[in-house]
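Please read the structure below before turning to the comments.
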C-alpha cells in the first residue's frame with residue numbers, strides 16, 4: 001500500500017460516518033414504533049379484559065339481585081269490624097196446639113172454621129154422648145142409694161149407742177148379765193164401723209159421679225186461648241173417638257200468632273256471641289226491604305254433636321198479624337269484633353299440610369308464621385292469634401316459599417284494604 005492509501009482509506013471512513021448514523025436512527029425509530037405498538041396492543045388487551053371482568057361482575061350482581069324475589073306486603077288491620085251474620089230460619093206460632101176430644105160420642109155441631117179468630121172459652125164444637133149420659137145417671141142413682149144407706153147406718157149406730165149406755169148401767173146395778181152388756185157394747189162398735197164404711201162408699205161413688213160429670217163437661221169443646229183456627233178435621237155427625245180402642249183424631253188446630261218464634265241453628269264458632277236479650281233483625285221475602293225487630297230470648301245451651309250448632313230462639317212481635325207462621329225467614333245477627341284481633345286479605349294465606357300459614361318479612365327474609373283465623377269477611381279474614389298490626393305480611397306468596405328465603409320489598413307496605 002502506498003502512503004497515499006491510508007489517507008484515502010481514512011477519507012472514505014470519514015465520508016461513510018453520516019450514512020451509518022442515519023441507519024442507526026432508523027433502527028431506533030423502528031424499535032420505538034414497535035415498542036409503542038406493543039404497548040398499545042397490551043393496553044388494548046388489558047382494557048378489554050378489565051371491561052369484560054367488570055361486565056361479568058355487573059352481570060353476576062344483576063343475576064344475584066334478580067334471584068331475590070320481590071314481594072308486596074301489607075300491614076294487618078287492627079280492630080276487626082262488627083260482622084252481620086245472616087242465618088235462615090222458619091217462623092213458628094208462639095202457641096201451636098192440636099185440639100182433641102176428651103170424651104167419645106158424635107159431633108152435634110161446630111161453630112168455627114179455619115181462619116176464624118176466637119177468644120179463650122169460645123165454644124168450638126159440641127159432642128153428643130148418649131152412653132156417657134146413661135153412665136152419669138146410673139152413677140148418680142147409686143150415689144143416692146149409698147147416701148140412704150149411710151143414713152140408715154147412722155140410725156142403727158144411734159140405737160146401738162143408746163142401748164149400750166143403758167146396758168152398762170144395768171150391768172153395774174146387777175139387773176142384767178155381763179154377757180148382755182158386752183153384746184150391746186160390741187153391737188155399738190159394729191154399727192159405728194158400718195157408718196164409716198157407708199160414708200167411705202158414698203165418697204167413692206161421689207168421686208165417680210164427679211169424674212163422669214167432668215167427662216160430660218168435655219162434650220163442649222172450647223178454645224183454650226185467644227188465637228186462630230188453622231184446621232178443622234171433623235163435621236156434624238162424625239164419630240168422635242177419645243182414644244178408646246184406637247188413636248184419637250185431631251178435631252181442630254189452633255195457633256197464637258201475636259208473637260212468633262224463629263228457631264235458628266247457629267254454627268258452633270259463633271255460639272259465644274249469642275247473648276240472651278240481644279237484638280236481631282228479621283227479613284222475609286214477601287216484605288222485601290223491610291226489617292222486623294226480634295229479640296234473642298233463649299238458647300238450648302248445648303252444641304248439637306251432629307250438626308255442631310247451637311239452637312237459639314228469636315221472638316218477633318206480630319201484633320198486626322202481617323207475618324204468618326211457617327214462613328221462611330232470615331235472621332240478621334250483629335257480631336261484635338274481637339279484642340286484639342286483626343284482619344288480613346285472603347290472598348296472603350298459605351295452606352300447608354302442617355296448618356294455615358302466612359309469610360312475614362323480617363330482616364329482609366321471609367318467615368312462615370302459623371295463624372288462627374276467626375271470622376270470614378269475604379275478601380278478608382280475621383286473625384285471632386299469630387299476627388300483630390306492625391307485621392309485614394306478603395301478598396300472593398308463592399307455594400314454594402319457605403322460611404329463611406331472602407326477599408326484597410317492591411313498595412312501602414300499604415295498609416290492608
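The values are calculated or read from the model by the stated rules, or taken from the named source; none is laboratory data. In this text the structure is predicted, and so the values were computed from the model without any measurement. Quick reminder, even Gly has a Cβ in these numbers, built from the backbone with ideal geometry, and neighbours come from all protein chains shown.
Of the listed requirements (1) free of Cβ contacts under 8 Å to residues at least 12 places away in the same chain; (2) part of a loop (DSSP other than H, G, I, E, B), residue 302 misses just one: (2). Across the range 244-277, the qualifying residues are those that are in a loop (DSSP other than H, G, I, E, B) and touching a residue at least 24 places away in the same chain (Cβ under 8 Å), and the one among them that is surrounded by the most Cβ atoms within 10 Å (Cβ to Cβ) is 274. Of 330, 351, all but one fail to be touching a strand residue (DSSP E or B) at 6+ places or on another chain (Cβ under 6 Å) and part of a strand (DSSP E or B); the exception is 330. The set of residues in the range 167-179 being assigned to a helix (DSSP H, G or I) and loosely packed, with under 13 Cβ neighbours inside 10 Å consists of 169, 172, 173, 178, 179.
Here is a yes/no grid of residues against (1) surrounded by fewer than 19 Cβ atoms within 10 Å (Cβ to Cβ); (2) more than 19 Å from residue 139 (Cβ to Cβ); (3) at pLDDT below 90:
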site	(1), (2), (3)
205	no, no, no
208	yes, no, no
211	yes, no, no
219	no, no, no
237	yes, yes, no
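A count restricted to the range 221-235 and to residues that are in a loop (DSSP other than H, G, I, E, B) and either without any contact (Cβ under 8 Å) to a residue 40 or more places away in the chain or surrounded by 13 or more Cβ atoms within 10 Å (Cβ to Cβ) (or both) stands at 6. Per the conditions (1) surrounded by fewer than 12 Cβ atoms within 10 Å (Cβ to Cβ); (2) in contact with a strand residue (DSSP E or B) (Cβ under 8 Å, 6 or more places away or on another chain); (3) free of Cβ contacts under 8 Å to residues at least 40 places away in the same chain, the sole criterion not satisfied by residue 358 is (1). Taking the range 361-400 as the range and being buried (at least 17 other Cβ atoms within 10 Å of the Cβ) and either part of a loop (DSSP other than H, G, I, E, B) or out of contact with any strand residue (DSSP E or B) (no Cβ under 8 Å at 6 or more places or on another chain) (or both) as the test, the residues that pass are 371, 386, 387, 391, 392, 395, 397.
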